[in-house]
Ligand SMILES: *[C@@H]1O[C@H](CO)[C@@H](O)[C@H](O)[C@H]1NC(C)=O
Ligand SMILES: *[C@@H]1O[C@H](CO)[C@@H](O)[C@H](O)[C@H]1NC(C)=O
Ligand SMILES: *[C@@H]1O[C@H](CO)[C@@H](O)[C@H](O)[C@H]1NC(C)=O
Ligand SMILES: *[C@@H]1O[C@H](CO)[C@@H](O)[C@H](O)[C@H]1NC(C)=O
Ligand SMILES: [Zn+2]
Ligand SMILES: [Zn+2]
C-alpha cells in the first residue's frame with residue numbers, strides 16, 4: 001500500500017504520473033507541443049494520446065494534502081494560461097475557450113465531462129473578466145492556483161499589515177474554574193444524499209439521486225453517510241444534534257462549510273436554502289449562543305469572494321454577507337451586521353474578559369480567483385484583526401479566533417505570513433485558535449520568528465461531521481479555563497460508520513475517541529505543552545500512530561491505509577508548518593526523528 005493515506009491516494013496517483021513523466025522528458029515535450037498545436041489550430045491531433053501519459057487526476061479537488069512539487073506542472077499551467085490569455089486578447093469568444101478548457105480538463109483526467117463542463121461554466125467568466133480588465137500574467141495565475149504544488153508565487157504578492165509596536169506581554173494566569181465549548185465543523189449538508197445510492201460514481205461527490213444505484217451491494221451507499229466521497233444527509237445532522245445535546249457546554253463554534261461537494265452545480269438559490277435551513281436548525285437546537293464562520297463552500301461558485309474592486313452586480317458575493325449578517329446576529333445574540341456585510345468577519349465578547357474573533361480566512365484560499373489581481377489584504381480583514389486584537393490587549397481580554405482554512409498549505413503565502421506575524425504580536429492575548437476545512441483531526445503550532453524554538457500559538461482543527469473522505473463523523477468538546485480562557489483539554493467524539501451502516505435502524509454508537517491530555521500525556525493545550533508533544537513524537541513513534549488514527553477518527557478506510565515512516569514524517573512536518581514554503585520547523589523536527 002502507498003505510504004500515504006487513502007485521502008491522498010488520488011494525489012499520489014497524479015504524482016506517480018508526474019514522476020514517471022519526469023523520467024521521460026520526451027513525453028512531456030509531446031504534451032506541451034500537443035497543447036500548443038491544439039490551442040493554435042483547434043485540432044486535438046495526437047494530444048489525447050500524449051495526455052494519457054500525463055494524468056492530473058483530481059488535481060484541483062479541495063481538501064487534499066498537496067505534498068509533492070513538480071516543475072513540469074508549473075510549466076504546463078503557464079503554457080495553458082499564456083495560450084488562453086493570448087487567444088482571449090485576440091478576441092476568441094467565450095464558447096470556444098470553454099470547449100478547449102473542457103477538452104484539456106477531461107483529457108488530463110482532472111474530472112469527468114459533466115464536472116469539468118459545470119465547473120468551467122461557473123468559473124470561466126471570472127477568469128475572462130480578469131484577463132479583459134487587468135494586465136495579468138501566467139506566472140501569477142499559476143503561482144496562486146498551484147502554490148501548494150510548489151509553483152513559485154511570481155508577481156507581487158508581498159503586501160504587509162501594520163502592527164502596533166511592543167511585544168505581547170506575558171500574563172499572570174490565575175487558575176479558575178472551567179466551562180466547555182462544542183466545536184462542530186464541516187457538516188457539508190447534502191440535500192441530494194440518497195441512502196443505498198451509487199457509492200462508486202467517479203464524481204467529486206457520490207450517493208446523489210441522479211447517479212443511479214450501486215452496481216452491487218458493496219457499491220451501495222450507507223444509510224447514515226458513506227466513506228467514499230459522500231456528504232451528510234439531514235437525518236445525520238439531526239442524529240448528531242440529539243447526541244451532542246447529551247453533553248454540557250456553554251458555547252458552540254461552527255467552523256464553516258455547510259454546502260455539499262456537488263461543486264459542479266451550485267446556485268445562489270440552492271445555497272441560500274441550505275444555509276438558511278442549517279442556521280435555523282442551529283438556532284432551534286441549542287439554547288446557548290452559536291458562533292459561526294463561513295467555509296469556502298458557501299459562496300457560488302465555491303471558493304470565490306468577489307474583490308472589492310469589482311461590481312458585485314457582475315459577480316455577486318454580497319447576497320451571502322447579507323444572509324449571514326441577519327442569521328448570525330441572531331445566533332450570537334448581538335448585532336454584528338456591519339463587519340459581516342463588509343467581509344464576513346466579526347467580533348463579540350460573550351462575557352467580561354473574553355472575546356471571540358471570527359474571521360473569513362477563505363479569502364486567502366488559493367482557489368479564490370480574485371487573488372490573481374488583488375495585491376492587498378482582502379476586505380481589510382487582517383488590518384481589522386490586528387486592530388481588534390490591540391483593543392483586546394488594552395482591555396486585558398483573552399481571545400479565541402475562529403478560522404476556516406488553516407494557514408500552511410493552500411492559504412496564500414503572503415496572507416499566512418501576515419497572519420502569523422499577528423499571532424506572534426498578540427501571542428498572549430490569543431488563547432485559542434480553531435479551524436476546519438481539511439476534515440482531519442489535526443493541529444498546527446506557530447513558532448516565534450526570531451526566538452525560533454518558542455511556540456507562540458496552536459490551531460486545533462475541528463475535523464468534520466462529513467466523512468469526506470475515509471473518516472468517521474466527529475465533533476470536539478473543549479474544556480476552557482474560566483479565568484484565563486486558555487484551553488485545558490479537549491475530547492473527540494465519534495462513531496464507527498461501518499458499524500452504524502450495518503444497523504441502520506438504530507442510532508450510531510457514539511463514543512469518546514480520546515482526550516488530548518490523556519492521549520499525549522501533557523498538562524493542557526497551551527503552546528508550550530503541545531510543543532512537547534511534537535518532541536515526544538520524534539522519539540516515541542507510537543504517538544504518531546495514534547495521531548494518524550485520530551486524524552481519521554478511526555475511520556476504517558482512512559486507518560486501513562496504514563502510516564509508514566514516510567507518512568509519519570509527513571504528519572510531523574504538517575504539525576510544524578504554518579506558512580507554506582517555510583519548512584524550518586519541519587526540518588528541525590525531522591532531524592530529531594529517530595529511525
Ligand atoms: C517582501 O517585502 C519585504 C519588505 O516589505 C522584504 O523584506 C521581502 O524580502 C519581500 N519578499 C519577497 C519574497 O519579495
Ligand atoms: C437546486 O435544487 C433543486 C432541488 O434539489 C434541483 O432540482 C436543481 O437542479 C438545483 N439547481 C441547481 C442549479 O443546482
Ligand atoms: C489591564 O491590566 C493591567 C495590569 O494588570 C492594569 O494595569 C490595567 O488597568 C488593566 N486595564 C483594564 C482596562 O482593565
Ligand atoms: C468498525 O465496525 C466494523 C464492523 O463491525 C468492524 O469490522 C471494524 O473493525 C470497526 N472499526 C474499528 C476501528 O473499530
Ligand atoms: Zn469542508
Ligand atoms: Zn473548506
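The values are calculated or read from the model by the stated rules, or taken from the named source; none is laboratory data. All values derive from a computational prediction rather than experimental measurement. So basically every Cβ, Gly included, is an ideal-geometry build from the backbone, and we count neighbours across all protein chains shown.
Brief remarks follow.
- Among the residues of segment 91-123, those that are more than 23 Å from the chain's Cα centre (by Cα), part of a helix (DSSP H, G or I) and touching a residue at least 40 places away in the same chain (Cβ under 8 Å) comprise 96, 100, 103, 104, 107, 114, 117.
- Candidates 544, 513, filtered to the one that is modelled with pLDDT of 95 or more, outside any strand (DSSP E or B) and either in contact with a helix residue (DSSP H, G or I) (Cβ under 8 Å, 6 or more places away or on another chain) or not assigned by TED's automatic domain parsing to the domain that holds residue 184 (or both): 544
- Complete set of residues in segment 4-62 that are part of a helix (DSSP H, G or I), exposed (fewer than 15 other Cβ atoms within 10 Å of the Cβ) and at pLDDT below 85: 16, 19, 20, 22, 23, 25, 26
- Failed item in (1) modelled with pLDDT under 95; (2) in contact with a strand residue (DSSP E or B) (Cβ under 6 Å, 6 or more places away or on another chain), with residue 170 passing the rest: (2)
- Lone qualifier among 498, 483 - being more than 24 Å from residue 408 (Cα to Cα), within 16 Å of ligand 3 (Cβ to nearest atom) and in contact (Cβ under 8 Å) with a residue 40 or more places away in the chain: 483
- Hits in segment 124-153 (condition: assigned to a helix (DSSP H, G or I) and more than 14 Å from residue 366 (Cβ to Cβ)): 124, 125, 126, 127, 128, 129, 130, 131, 132, 133, 138, 139
- Whichever residue in segment 187-199 is touching a strand residue (DSSP E or B) at 6+ places or on another chain (Cβ under 9 Å) and part of a loop (DSSP other than H, G, I, E, B) and, among such residues, is nearest to ligand 2 (Cβ to nearest atom): 192
Here is a yes/no grid of residues against (1) within 14 Å of ligand 6 (Cβ to nearest atom); (2) closer than 22 Å to residue 460 by Cα:
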{"residue": "230", "(1), (2)": "no, no"}
{"residue": "242", "(1), (2)": "no, no"}
{"residue": "249", "(1), (2)": "no, yes"}
{"residue": "257", "(1), (2)": "yes, yes"}
{"residue": "270", "(1), (2)": "no, no"}
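- Pairs with Cβ under 6 Å, 6+ apart, first in segment 255-272 and surrounded by 21 or more Cβ atoms within 10 Å (Cβ to Cβ), second at pLDDT below 95 and assigned to a loop (DSSP other than H, G, I, E, B): 261/204; 263/204
Condition check ((1) touching a residue at least 60 places away in the same chain (Cβ under 8 Å); (2) under 21 Å from residue 236 (Cα atoms); (3) in contact with a strand residue (DSSP E or B) (Cβ under 6 Å, 6 or more places away or on another chain); (4) surrounded by 19 or more Cβ atoms within 10 Å (Cβ to Cβ)) across all residues:
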residue	(1), (2), (3), (4)
475	yes, yes, yes, yes
502	no, yes, no, no
518	no, no, no, no
521	no, no, no, no
534	yes, no, no, yes
549	no, no, no, no
574	yes, no, no, yes
577	yes, no, no, yes
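- Within segment 200-242, considering residues that are part of a strand (DSSP E or B) and in contact (Cβ under 8 Å) with a residue 24 or more places away in the chain, the one surrounded by the most Cβ atoms within 10 Å (Cβ to Cβ): 232
- Residue 261 vs. criteria over 30 Å from residue 512 (Cβ atoms), under 23 Å from the mean Cα position of the chain (by Cα) and not in a helix (DSSP H, G or I): no
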